[in-house]
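Colleague: Have a look at this one before I ask anything.
None of the figures in this text is laboratory data; all of them are computed from the coordinates on show. Quick caveat, the model's predicted, so the values are computed rather than measured. Cβ placement follows ideal geometry from the backbone for every residue including glycine, while neighbour counts extend to all protein chains displayed.
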């Protein structure tokens, strides 16, 4: 939502919020009857598999060809190569990565060197939201753009450091951009 606020300040009045969960549900639903194959990477052990089952049951998309829950330690080049070979062999077109920020972006960049897919999409906590392992903020909180605050209050130990690093940098970079 803060990106939308900045866009509005820059004159992009049509800009709207589009969450990872909304994107995930739309893409999975709209590709259910096409030969588009998905691969899920992320979450604690078993979460990606739960997401595969939930995608089939709730969204009617049985085109998930594989899942992988990465270790909590940094993966080596060789481990990325092995995972890339598994994904390539699965025939996946889309790889969904559900890890925390910035880990998922680093994971995606490393994985991209080893896969031949059409898209790699990072979606944060979507795996946990969609499988019911994490509760999403109420609609009114989302509407006011305060979902980040709700999540911070729910998981302060995990999210405080990330927000303390990312939010000031986001604010500073956007203030600089506004005055250019």
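Colleague: Between residue 140 and residue 57, what is the label-to-label distance in nm when each label sits 7 Å out along the Cα-to-Cβ direction?
Modeller: Simple spin-label model gives 3.1 nm for this pair.
Colleague: Right, something else. For region 54-134, what is the convex hull volume of its Cα atoms per residue in Å³? Don't skip to the answer; put the middle values down first.
Modeller: Details: hull volume 7.3 nm³, N = 81.
So the per-residue hull volume is 90 Å³.
Colleague: Within 10 Å of each residue's Cβ, count the other Cβ atoms and sort 114, 38 from fewest upward.
Modeller: With the fewest neighbours first, 114, 38 line up as 114, 38.
Colleague: Another question, then. Could you give the length gained by full extension between residue 149 and residue 15, i.e. 0.36 nm per residue of separation minus their alpha carbon distance, to one decimal place?
Modeller: Using 0.36 nm per residue and subtracting the Cα-Cα distance, I get 46.1 nm.
Colleague: Give me 149, 111, 178, 51 sorted ascending by neighbouring Cβ count inside 10 Å, so fewest comes first.
Modeller: Listing 149, 111, 178, 51 from fewest to most nearby Cβ atoms yields 178, 149, 111, 51.
Colleague: Using all C-alpha to C-alpha distances in region 138-180, build P(r) with 5 Å bins and read off the rounded percent in each one.
Modeller: Calculated P(r), rounded to whole percents: 5, 21, 19, 18, 20, 11, 5, 1.
Colleague: What fraction, in whole percent, of alpha-carbon pairs in the chain exceed 30 Å separation?
Modeller: 25 percent
Colleague: Distance between the C-alpha centers of region 110-145 and region 44-84? Whole Å please.
Modeller: That distance is 13 Å.
Colleague: While we're looking at this one, here's another question. Which distance in nm do the two modelled labels at residue 76 and residue 105 give, with both placed 7 Å along the Cα-to-Cβ direction?
Modeller: 2.8 nm
Colleague: What is the angle, in °, between the Cα long axis of helix 20-30 and the longest principal axis of the Cα atoms in the chain? Nearest 10 is fine, range 0 to 90.
Modeller: It works out to around 40 degrees.
Colleague: Helix 77-90 versus the longest principal axis of the chain: what is the Cα-based angle in degrees, 0 to 90, to the nearest 10?
Modeller: Between helix and principal axis, roughly 70 degrees.
Colleague: Can you order the peptides 166-176, 20-30 by their average number of other Cβ atoms within 10 Å per residue, highest first?
Modeller: Descending packing order for the listed peptides: 20-30, 166-176.
Colleague: To the nearest 10 degrees, how steep is helix 103-112 against the longest Cα principal axis of the chain, on a 0 to 90 scale?
Modeller: Between helix and principal axis, roughly 50 degrees.
Colleague: Additional query: Would you calculate a helix-derived [θ] at 222 nm for the chain, using -39,500 (n - 2.57) for each DSSP H run of n ≥ 4 and dividing by the full residue count, to the nearest 500?
Modeller: -16000 deg cm²/dmol
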